[in-house]
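Working notes, beginning with the structure itself.
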Amino acid sequence: MSNGRDGFAGSMGALMALVGSAVGLGNLWRFPYLMGNNGGAAFIIIYIAFVILLCVPIMLAEFSIGRRSQINAFSAMRSLAPGSKWGLIGVLFVLVAVLILSFYSVVGGWTMDYLFQSITFNLPEQTKAADTFSLCTSSTFRPLIFTSVFVILSSIILIAGVKDGIEKVAKIMMPLLFVIIIALAIKSSLLPGASKGLSFLLRPDFSAVNAQTILAALGQAFFSLSIGMGAIMTYGSYVRRSANILSITTATALADTLFALLAGLVIMPAVFAFGMSASEGPGLLFIVLPEVFSVFTGGGLFAILFFFAVFLAAISSAFSLLEVIVAYLSEELKISRRLSIFIASSVCLFLAVLCSLSQGALSEFKILGFTFFDLFDTLTANLLMPIGALLMVVFVGWKMRKPDFVDEITSAGKVRVKPIIYNTIYFIIKYIAPLAIITIMICGWL
Ligand code: PHE
């Protein structure tokens, strides 16, 4: 890139990397179980409304800050508003990246364990799925081994850098991931008895919706799109000045939402076809699907494909989280990239141990009623990411000058965007998004 920094070679690569960050365990693991707990189709409708009306503009705001500053998320706002207090927000971003990565790698570890078991054809018989899940998650050492492997693999990809690591890997992984998930969705919706699951996805039950549901949907939208904590900002800073950020953002949001719906289509029909409950909670993906795979012919092979897909999705999100921390360490503290990766992954691994143990040995240890794992998960998605997103939109709407924002959206006039489009987006960023985030957070938390 012009300033000698590593960066994405092209728009397609940037898009694949962003989709890689967005599509992840949020879509495959978190979305289905939240939807199962919160009224199925009703949750989906609220979620999609948030993505279109709020999240695309918020993502653009974050992207603009990143690309304009061309620096890591810790310093991006400071470099655009030198001498102001805005720079302090960078600390929040790096902190949130550390917290998310800590519990995320634990679930990434479970995924690797399941992939390993499906490759060795060891996935459980129908009756034992719940036992397997507790073996994989609540033992002391087993999950830690897989979690460490997961973190090490993410680190290895990052060592190669942005263009040769992140971009190259994402360009191969993402198309593969979509092919696998589409095949699985078709297979699942053709299962006998799948129709109940399909109607759960299509018939909204608004009686299950309350302020908490709405906050959960907003938090999930932020989590799933990777917005509000500097990941999009960091990747944005690697995007060329000529790239069309409006189309990259829209395509990322579209792909992510489509993927979440496809994940719902894989999981819900199967849940209902086997007479299980959609409100199983975080174990939904890991308990229900192995049972499904164990009863149909060729299920073993499907299990391998499925957990391989979950693994691809998880790791491409994990290294985007790690990159937020690594970019900060290497650019701000002037530590070599390799050492930065080592430090960042060690810190996360240490916290991951706490998250992992809180599923077993430390399950009784609670802070404010939450285990470490739940605390990191809920705190980031429902509090810190909305706060991060709020600060970003206020920054772009009230601190940055409008012509600067328009300059980003139009890539300094190289990309034609109709004024009605950027004016509407700007209006949402300046007024609607801050009000909506504040209102939803107040109602959901109080
Ligand atoms: N979006 C990712 C997912 O859905 C998680 C993530 C959050 C990644 C924040 C990066 C930043 O799994």
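Throughout, read-outs are computed from the coordinates displayed, never taken from laboratory work. Bear in mind the structure is a predicted one, so any value in this text is a computation, not a measurement. Please note: Cβ atoms are built from the backbone with ideal geometry, for glycine as well, and neighbour counts cover all protein chains shown.
General remarks:
- Among 220-228, 357-365, 324-332, the order from most to least packed when residues are scored by Cβ within 10 Å on average: 220-228, 324-332, 357-365
- Those lysines that a straight Cα-Cα span of less than 29 Å connects to residue 430, excepting residues fewer than 8 apart in one chain: 85, 399, 402, 414, 418
- Residue exposure sequence - 92, 135 - by fewest surrounding Cβ within 10 Å: 135, 92
- For segment 197-205, 3J(HN,Hα) per residue [Karplus equation, 6.51 cos²θ - 1.76 cosθ + 1.60, θ = phi - 60°, Hz, x = Gly/Pro]: x, 5, 6, 4, 7, 10, 9, x, 10
- Simple rule: put +1 on each Lys or Arg Cβ and -1 on each Asp or Glu Cβ in segment 216-366, find the dipole, and look at 296, 359, 330; the Cα lying farthest toward the positive end is 330.
- Centroid-to-centroid separation of segment 304-322 and segment 156-219 [C-alpha atoms, Å]: 12
- For segment 59-76 and segment 344-369, distance of Cα centres in Å: 31
- Angle in degrees between helix 245-273 and the longest Cα principal axis of the chain, rounded to the nearest 10: 10
- Summed over qualifying helices (DSSP H, 4 residues or more, each -39500 (n - 2.57)) and divided by its residue number, the chain shows a 222 nm mean residue ellipticity of -22000 deg cm²/dmol.
- Within straight-line cross-link reach of residue 171, lysines at Cα separation under 18 Å, skipping those fewer than 8 residues along the same chain: 163
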